[in-house]
Every structure is written in C-alpha cells, then in structure tokens.
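Report on the following structure.
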Amino acid sequence: MPALPRRPVVQLTTFSVLFLLPLAAQQAPGPFVKSPEAVPPKIKLYNGWYLTPVGQHQTIGDIPQMAALSPDRKTLAVTTGGASEHALLIVDPANGKVRQTLPLTRAQSCGIVWSADGGTLYVAGGNSGRIFVFKVANGEAEAQTPIDVPELAILGSRDTAAPGSTDKERFAAPAFLWGLALSADRSTLYVTNLSNDTLYALNAADGTLKAKRAFDNADRPGTLCLARDGRTLYVGLLGRGTVAALDVATLETRATMEVGPHPNSLLLTGDGSRLFVACGNADAVYAIDTVAGRTAEKISLKLTPKAPAGATPNALAFSPDEKSLYVACSDNNAVAVVDIAAVGHAIVKGFIPTAAYPSVVTALPDGRQLLIGCGKGFGFGPNNLTEGKPIDPVAPRSYPYITALMKGSLTTLTVPDGKQLATYTKQVYANTPYADALTERPSKAPRAGSNPIPSRLGDPSPIKHILYIIKENRTYDQVFGDMTDAKGKRIGNGDPNLTLFGENVTPNHHALAREYILLDNLYCNGEVSVDGHHWSNGAYVPDLMQRTWPAQYGGKGAPPIRYGDFGDPLAETPGGRIWDLCERKGIPYRTYYYHVDKKRNEEWSAARRRGERDYLAADIFIKDVQEWEKTGDMPGFMVMALSEDHTSGTRPGAATPQAAVASNDLGLGKIVEACSKSRFWKEMAIFVIEDDAQNGPDHVDAHRTMGLVISPYTRQSKVDSTHYTTCSMLRTMELILGLPPMSEYDAGATPMYASFRNKADLTPFSARPATIDLNAKNAPRALGAARSMKFDFSAPDRLTRADEDDLNRILWHSIKGENAPYPVPVRRPSFSATGLPNVAIEEDEEEENEENEAGEKRETPEKREKN
C-alpha cells in the first residue's frame, strides 16, 4: 500500500486572500546584522522574492550545516561550512546566544553526534578526511586530537589533484565525510564518505578501521541515524531515494524503505517507532514505521498541491514532547510546523518566514522557542553605500568577491500559537511570486494572440525554433556600461567607468542590443557557475549543491558531485533540464553544451576539448544551419555554451582578455547573422545570458548581467527595463515551446512580453568584424601573469573565491591600467523605492486587466502590491 500523502492544511488556490506587509523598508540590510533592529520587516530580493524574517537574529558564518542538542539539553552545537571560515558554534539553549566559536577545517558536512554522557562531541570533517573531536564540560568545548579516517587522510583533496587528472578526479575529492553516528557504548563511530560511496565503522578511541561497506556509486550514502536498540543503522541513500536499514554487526542491508529523491535528513522518535526523512527533491517528509519496516506516510510541504519543485526540505527537529515536527524548507525561506501527534495522520499547520535558505532548525529545551540557522541570511544588500548618495566608480577600496558578502544568520523566536502561525503563513505565501494559476497563465500575460509569447501554456506561437546561448561571468556594466543609441546618446542604466569590454571589444553585442532590445534590469539567479548553470538550464539547484558550492569557491575543498556529466544523482534537479522537457514533449533538440551527452554535436564537443576559440567554433554551428537549410529540419530547441568571455586572465601565451572576449563577440555575431539569413529566421528567437555575473563591477548589483533576446519580433531598438532574471528567460522559452515550468522560480518569473511585439522585422543582422587583434597573446611578463599561471582554466569554472577575486583584479588592471583604482561594487535591491520595477516599455492596461476565460478579473501579485 502506498504511503498516504499529507499536504498543508493551509493551502490556498489564489493569492487574493493573502496580504502583503507594508513596504516601509525596501532597502536590503548591509552584509552585517548587529542587532535585530538592523533587519527590515520586509526585504525584496534581486530575484523578485521577498523575505519577512521574524525573531531575533545573529550574524554567523554562511551555510549552517547541522545542529545537535546535548543529552542533558544544556548545550547546543551548530556547525557552519560555507565560503567563510568553518566553525563549531557552542550555543546557549536557554537564549540561543553563541557563547563559543571554535575553528574547523573543511567541515562542510551534516554529521554531528554527542556521546551518551554529553562529554564528547564528534563532527564529520567533509573534505578534511577526519572526524573532529571535542571534550565538553560545563557548556565549554575544547578541541581534541581529530580522528583521521584510514585510506582518506593521506589522499588530500581537489586542491592537490595532479595536473592532467580526469574530470572526476578533479571534482570528486577523495574525502567528503558527511553522515555520522556513534554506537550506544561509545566504541564505534560510523561515517559516510560521499566521495567514494563508502560507510566506515571506526574505533572511536583510536580511529582504527573496524569494517567498511562499499555502496554502488549511484546510491550516494549520506545521513546516518542509529536505532535506539543500537542494532540497526539507517542510511539515507541520496541517489536512490531510499533509506537502508543496516545490521551494525555486519553492515549488510536488512531492509530498504522507499522514500523520495535526495533523502537528506533523518530523525528518529524517542521510542524508535517512527523515522522521519526529509527529501529535498521531493518537497516532502516521509514517515517510516520502523517496526513494520515500511514507509507509512508522506507529508507534502509544497505551498500548493500543484506547485512544481521549490520547497526543498533539508532539516528536521521535534518539539520536546515530539508532538510537533519542524522542517526547514530552504527554497521557500520558511520553516514548516507539522502536527505529528496522531500516528499516520500528520497535519501541516503552517509556515514560519525566515531569512534566506534555512538549513538548520531545532527546538530549544523549554519548548517555547525555536532556533533557525539560515545559509544566506538577509540577502546581499549594498556594500556600505548610502542610498541616494553618488557612487564613486573608482573608489580606492577593493570589493569583496560575491561569496564574501554571503552571511549566515541564527534566529531565535517564540513558537507561534495558532493565530500567530496563521499570520506567519500568510507572509510565507505572499513572499513567493508563485501561484498555481501562473503555471498556465503568467502574471501580466497580454491578450491572447497579441504577443509572440503565448499568454497561456499550450497556446501557439509563431516562433518555432529557439537557440539558447549561455555565456560566462560578465556583469551588465562590464559590457554595456558604455551603451549608446545609433546617434551616440547614452541609453540604459550603465556606468561607463566600470566598462571593461566596451564597444571597441564587443561591437556585435552592442549592435545587437542597439538594433533589437537592450535589457538593463536583468539578473542572474545564481551566484557562481556551479549553481549558475543549474539555474540556467533547470531553474533549480539541489540542496546538497547549495550546501557545498560556497565551500568550494571559498577554497575549502570541492564537493563530491561529479560534474563530468549530468547523470550524478546529487546534481539532478526534480523537474529535469529544459532539454529533458523538450524530450518528453517530443520536441527535436540539439546540444552544444558542457558535459551533455544527449543529442550533442560531436564535432562541437571535440572542438571544446581541444580549446577551440569561440569565433572558430561558431562555424560548426553554422555548418549545421546550412545542413538544416537543405532538409528544412532545424530542431525546435538548441542550447549552446559560448564561454570564451570567461577569459584566461593574463596567462602567458593565452589570448589577452580583450582578445578572448572579442572572439566570443565575433562568434555570437556570426551565429546570429547565419540564423537571420536562413529560411528559419521568420520563426526563430535567440536568447543569450551569462550563467552568473561572478562579482564583476556593476553599479546596481553584483547579480545584474548582460543578456540579449534576438528575433524578428524583438527588432525594436528599444530599452526594456522590466525586471527579469535567468528564470524569466527560461519561462519565456517554455511558453514558446509549450513546456511546463521546472520549479516555482521559473513558474513565478516574469516572461519577457515587453521585449517582443507581434510585428516581425525580417531584416537580417550583419556581423561586425573584430576591431582588435583576435590573436593577441599575453606577454610572458604581462601584469598578473604569474598569478594567472596558477589558475585552473581547463573548464569554466574551477577557480576558488581567491582565484576569482584575483582574476577580476587582473582583468581590471590589465585593461584599465596598473594604477587605476579598483572599483567598489554595489549590493542592493534591483527595485525602485516604491518596490516596483522601472519599465521602459509601457504595458497595455487593457491587456493587463483583460478578463480570463472564467469571466473574472485577474488580480496579479503586482496589482495587489500596488493596491
């Protein structure tokens, strides 16, 4: 019998019954929160979502990983493991205040366990290959000699990978300790290593190996939980979507319980009769009857029954009486409150709004307070700049890399009663742009047939062929800060002082923006390439990736995710990638993209492996266009990585940064010209975006990026300042192709209606020749050459935070001059003081307020906000 699903009793079918808090404080807070008063009651993020964090807040390191309360309930241990220094926080459970901070090394894991007497605390050490040990007395912890896991401690990590090592060797560090458990007699430590899919049983006294169990590499054993009788060890198999019950004596599997994909957190009741399992990619918690050895109940945490992926539960906690279950729903920026008093009849009572990406939750011993740890705090905000004051584009101060601005938070709040929880729940629903109705008909959809982008999913579009080009790591100001119209008048919200690759380097980008549409309010959903490419092709980033990429970019070791292909279950998204949607719908597609085996152009793949320049690789695609001209069979969807704009810094012998970006520019121009002169152009659109902005200079926000939408239906020579994101582009392509959204993020994103018009201008585009030497090479003693030699440019993006910061500086000074002061970037909401985007292309109010098929006036979230 299948497990019975339990959905939130608070589900609503429309946002019209919800309310928004007053927009009294639209500005985002600074990167540091020194008091609860520093946190505005409502924060609008660059991606269009809101935060309304409740409670009292402390700033801590980014990405809290796990919390564990001591047996005597007098000491709470919390670990952080992001881009900032990893640490063990000793928290006073009486008030939630941090009373001690101890350093950890590469401890980005979900493994903390106390000894039964509370005198010893063990922490799994991620990439370090060791288990950290602390003696705890009177609420104070003292570091002891760590336990090195045999076979792993001497292997190092990705940082010491030998030159020429394979992709898997580079990206799958030999050691990545994750789950941790301790036998009742304190003699044996059990630890999982996600890098080699192995469970180790170690002598807790000296670390010697007692036994080990190798799992299949598709299993990905993660979180551990020991049964109360000490004879059964539960293992969450992240790759299989199951929980394995192992015999501790033999480590052999006794039983396997089906749950959902990515089981990332296990929590056992005091009597051991129920095991709760959070499954990140299922948006649900599963309850296992441990006596019967079966999954008995599924608790859905989706905001609505029809919602696509987006809740992402990743941490669990009981109330002291075990009548309530608290679940951190990271992508909805909320903690769910679930009544579990009646076995088999769980009820989701409501949601508590939190800061960004909650990853830790625990109930304090008094039962009246919760402690919530959030990985990304209160957003990025301005970089110590006061709103309204002029920005000094060349201030003589360095700017921090984007991960350095990502601060975690630790929040304490009173457990809400029913009335307060209802209010909190309304806030959570109002904070997301998603609503069920948007999956079929987006917000601000114009009158049916009045725009080439369909107003309703499944409606026809005159556009039949899409080319989606994903580039690498540029901000808007770096490329378009100097943008002018055909008469030389400045257009768009750019700062020319921050432009590194202006029109002299990127004549095709500028011509395309000038002749078609200039997008000056477009933002990447991702921060770096690891999450940026997932956002770009799947509108979602799995929890384990979100937990681990900051450490990688912070130079603290690589995660165990095998990026060599999209088949690693740890990297898989619940909704699939956009090409998967095409495959399901029967839409022919072709890939010119990293690591994708499906329908790929083998010549393109080979060219990329040998490091072919973009302006030459473009000819491979153009050859395909010429073949399709003969057959009339251009695929409906094509995705391409055109990434030389990442550059190789000033590495001696490599193309100079300007030559690399110019090659990328010419490649794009040639591709657009070939398409615009083909028989398919009248039914075609080309979407171009960077996978992330990677913290280059930009006077608006570090997430603001360069993007283009090129089609006969966008040849308008206009500026579109509508607020768009990566997910807006995905949503637009989905609507054209008749594809459903992949997550709440693309479902709720604003489609690019304002960039398109019904009238097609078939004038072909003429590629501009390069105006600089494409073959210019960096001199042996070029500025920054020695540092550039140490960078790993074998593929985008394999640099640490320090590498990226150095690369940004090298690019700046190599172009602007050695003495040019390095610019200060800005971190602030991408919205006006009213909280509404500035839209250059006006919308038709009659179309915006047209009646739907039911004859009812639609009320969009934007309308409600205005009201």
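The values are calculated or read from the model by the stated rules, or taken from the named source; none is laboratory data. All values reported here derive from a predicted model rather than from experimental measurement. A quick note on method: Cβ atoms are made from the backbone with ideal geometry, for glycine too, and the neighbour counts reach across all protein chains shown. To get the accessible areas, we keep the full protein, side chains included, count just its heavy atoms, and leave off ligands, DNA and RNA. Shrake-Rupley method; radii C 1.70, N 1.55, O 1.52, S 1.80 Å.
In region 66-89, the residues that are farther than 19 Å from ALA143 by Cα reach residues that are of a type in the set (Phe, Trp, Tyr) and open to solvent by less than 10 Å² (accessible area, probe 1.4 Å) with C-beta atoms within less than 6 angstrom, at least six apart or across chains, in these pairs: ALA83/TYR553. Could you list, in sequence order, the residues of region 249-262 that are hydrophobic (A, V, I, L, M, F, W, C) and either open to solvent by less than 40 Å² (accessible area, probe 1.4 Å) or touching a helix residue (DSSP H, G or I) at 6+ places or on another chain (Cβ under 9 Å) (or both)? Across region 249-262, the qualifying residues are LEU251, ALA255, MET257, VAL259. Restricting attention to region 108-149, the residues that are crowded, with 18+ Cβ neighbours inside 10 Å and in a strand (DSSP E or B) total 17.
Once region 283-294 is narrowed to residues that are open to solvent by 20 Å² or more (accessible area, probe 1.4 Å) and touching a residue at least 12 places away in the same chain (Cβ under 8 Å), the residue that is farthest from ARG547 (Cα to Cα) is VAL291.
Has region 228-249 got at least one residue that is over 24 Å from LEU570 (Cα atoms) and in contact with a Pro (Cβ under 6 Å, 6 or more places away or on another chain)? No; the residues of region 228-249 include none that is over 24 Å from LEU570 (Cα atoms) and in contact with a Pro (Cβ under 6 Å, 6 or more places away or on another chain). Comparison of SER273, SER265 shows that the only residue that is more than 19 Å from the chain's Cα centre (by Cα), open to solvent by 10 Å² or more (accessible area, probe 1.4 Å), within 15 Å of PRO221 (Cα to Cα) and of a type in the set (S, T, N, Q) is SER265. Scanning region 741-772 for residues that are farther than 27 Å from TYR516 by Cα and either in a helix (DSSP H, G or I) or open to solvent by 50 Å² or more (accessible area, probe 1.4 Å) (or both) yields a total of 1. Of all residue pairs spaced 6 or more apart or on separate chains, those with beta-carbon atoms under 7 Å, a first member in region 602-622 that is of a type outside the set (Phe, Trp, Tyr) and a second member that is crowded, with 17+ Cβ neighbours inside 10 Å and not in a helix (DSSP H, G or I) are ASP614/LEU642; ILE620/ASN601.
The combined condition, being assigned to a loop (DSSP other than H, G, I, E, B), of a type outside the set (D, E, K, R) and at pLDDT 65 or above, is not fulfilled by GLY373. Look through region 485-505, keep the residues that are touching a residue at least 24 places away in the same chain (Cβ under 8 Å) and more than 20 Å from ALA702 (Cβ to Cβ), and return whichever of them is least open to solvent (accessible area, probe 1.4 Å). Here the residue is VAL505.
Of everything in region 186-212 that is β-branched (Val, Ile, Thr) and outside any loop (DSSP other than H, G, I, E, B), the residue that is farthest from the chain's Cα centre (by Cα) is THR188. On inspection, LEU512 fails the criterion of being under 18 Å from PHE687 (Cα atoms), at pLDDT 95 or above and within 24 Å of the chain's Cα centre (by Cα). Of the strands (runs of 3 or more DSSP E) lying entirely inside region 290-349, those containing at least 1 residues that are touching a strand residue (DSSP E or B) at 6+ places or on another chain (Cβ under 9 Å) and aromatic (Phe, Trp, Tyr) are 313-318, 324-329. Only one of the numbered conditions (1) among the hydroxyl-bearing types (Ser, Thr, Tyr); (2) assigned to a helix (DSSP H, G or I); (3) in contact with a Phe, Trp or Tyr (Cβ under 8 Å, 6 or more places away or on another chain) is violated by SER648, and that is (2). Test of understanding: among VAL709, VAL719, VAL688, which residue is at pLDDT 95 or above, under 21 Å from ALA754 (Cβ atoms), touching a helix residue (DSSP H, G or I) at 6+ places or on another chain (Cβ under 6 Å) and β-branched (Val, Ile, Thr)? None of the others qualify; the one that does is VAL709. One residue alone among GLY738, GLY707 is open to solvent by 10 Å² or more (accessible area, probe 1.4 Å) and touching a residue at least 40 places away in the same chain (Cβ under 8 Å), and that residue is GLY738.
Here is a yes/no grid of residues against (1) open to solvent by less than 10 Å² (accessible area, probe 1.4 Å); (2) in contact with a helix residue (DSSP H, G or I) (Cβ under 9 Å, 6 or more places away or on another chain); (3) more than 24 Å from TYR46 (Cβ to Cβ); (4) part of a loop (DSSP other than H, G, I, E, B):
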position: GLY526; (1), (2), (3), (4): yes, yes, no, yes
position: ASP531; (1), (2), (3), (4): yes, yes, no, no
position: SER536; (1), (2), (3), (4): yes, yes, no, no
position: ALA551; (1), (2), (3), (4): yes, no, no, no
position: ILE561; (1), (2), (3), (4): yes, yes, yes, yes
position: GLY575; (1), (2), (3), (4): no, yes, no, yes
position: GLU583; (1), (2), (3), (4): no, no, yes, no
position: ILE587; (1), (2), (3), (4): no, yes, yes, yes
position: TYR594; (1), (2), (3), (4): no, yes, yes, yes
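If you go through region 615-643 and keep only what is among the β-branched types (Val, Ile, Thr) and in a helix (DSSP H, G or I), you end up with ILE620, ILE622, VAL625, THR631. For ASN95, the conditions (1) more than 18 Å from ALA363 (Cβ to Cβ); (2) modelled with pLDDT of 80 or more all hold with the exception of (1). When region 423-471 is examined, which residues are found to be under 24 Å from the mean Cα position of the chain (by Cα), assigned to a loop (DSSP other than H, G, I, E, B) and of a type outside the set (Gly, Ala, Ser)? Once the filter is applied, which keeps residues that are under 24 Å from the mean Cα position of the chain (by Cα), assigned to a loop (DSSP other than H, G, I, E, B) and of a type outside the set (Gly, Ala, Ser), region 423-471 yields THR432, PRO433, TYR434, PRO442. Here is the figure for region 213-247: residues that are open to solvent by 30 Å² or more (accessible area, probe 1.4 Å), closer than 26 Å to SER115 by Cα and either hydroxyl-bearing (Ser, Thr, Tyr) or outside any strand (DSSP E or B) (or both) total 3. So, in region 274-316, how many residues would count as being under 29 Å from PRO442 (Cα atoms) and among the charged types (D, E, K, R)? Qualifying residue count, region 274-316: 3. Condition (residue is modelled with pLDDT of 90 or more and not polar (S, T, N, Q)) applied to region 546-553: is it met by at least one residue? Yes, some residue in region 546-553 is modelled with pLDDT of 90 or more and not polar (S, T, N, Q). Among residues of region 98-107 being open to solvent by 70 Å² or more (accessible area, probe 1.4 Å) and touching a Gly at 6+ places or on another chain (Cβ under 8 Å), the one that is modelled with the lowest pLDDT is THR105.
Any residue that is open to solvent by 10 Å² or more (accessible area, probe 1.4 Å), modelled with pLDDT of 85 or more and within 27 Å of the chain's Cα centre (by Cα) - is there at least one of those in region 26-39? Checked against the condition, which is being open to solvent by 10 Å² or more (accessible area, probe 1.4 Å), modelled with pLDDT of 85 or more and within 27 Å of the chain's Cα centre (by Cα), region 26-39 yields no hits at all. Report yes if VAL415 is open to solvent by less than 30 Å² (accessible area, probe 1.4 Å) and either in contact (Cβ under 8 Å) with a residue 60 or more places away in the chain or over 23 Å from the mean Cα position of the chain (by Cα) (or both), otherwise no. No. Of all the residues in region 431-455, those that are within 20 Å of PHE351 (Cβ to Cβ) and touching a helix residue (DSSP H, G or I) at 6+ places or on another chain (Cβ under 7 Å) number 5. In the set (1) open to solvent by 10 Å² or more (accessible area, probe 1.4 Å); (2) in contact with a His (Cβ under 8 Å, 6 or more places away or on another chain), ARG715 fails one condition alone, (2).
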